[in-house]
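Taken together, the values in this text are just the output of simple stated rules run on the coordinates, not laboratory data. Not measured: the values here are computed from a predicted model. Neighbour counts run over all protein chains shown; Cβ positions are idealised from the backbone, glycine included.
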Amino acid sequence: MKPECFTELSDQELLQKVKTIKNNKIVDALIIGFTIGIAIYSVVQKGFVFFTFFPLIIAYIIIRNSKNNEMLCREMQKELELRNSK
């Protein structure tokens, strides 16, 4: 979502989007922990094999996506602060 689109949304829609992004942070953290746990278990059981790195790749993709969501969340919060100051 582009910052220009934030001005078109109502306050309630912005608050809802910020809330969903914050909830997604928790889900992302759980998935990252789970995938890292799978990678550690795989290393302990079988050593470093080719398939050990798949969960780590998934964790990397989720981390990169959550950083983008964090930036969007900050932009939405700035927009809400601007609207409240008017």
Rounding to the nearest 10 and keeping the result within 0 to 90°, find how far the Cα-based axis of helix 11-46 lies from the longest principal axis of the chain. 10
Using only alpha carbon pairs under 8 Å that are at least six residues apart, calculate the relative contact order of the range 10-85 and give it in whole percent. 41
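Quick check: residue separation of residue 34 and residue 57 times 0.36 nm, minus the Cα distance between them. What number comes out in nm? Walk me through the numbers before you get to the answer.
On the way: separation 23, 0.36 × 23 = 8.28 nm, distance 1.27 nm.
Value of the extension gain: 7.0 nm.
Would you calculate, for the chain, the mean residue ellipticity at 222 nm contributed by helices, counting each DSSP H stretch of 4 or more residues as -39,500 (n - 2.57) and dividing by all residues, to the nearest 500? Spell out each step's value before the answer.
Details: 3 runs with 73 residues, N = 86.
Mean residue ellipticity, 222 nm, calculated: -30000 deg cm²/dmol.
State to the nearest 20 debye the size of the charge dipole of the chain about its Cα centre, where the only charges are +1 on K and R beta carbons and -1 on D and E beta carbons. Numbers along the way, then the final one.
Numbers: 12 positive and 9 negative charges, 48 e Å.
The dipole magnitude comes to about 240 debye.
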Can you tell me the 0 to 90 degree angle between the C-alpha axis of helix 53-85 and the longest principal axis of the chain, rounded to 10? 10
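So between residue 82 and residue 13, what do we pick up on full extension, going 0.36 nm a residue minus the alpha carbon distance? If you can, show how the numbers build up before the last one.
Values: separation 69, 0.36 × 69 = 24.84 nm, distance 1.53 nm.
Taking 0.36 nm per residue and subtracting the Cα distance, the gain is 23.3 nm.
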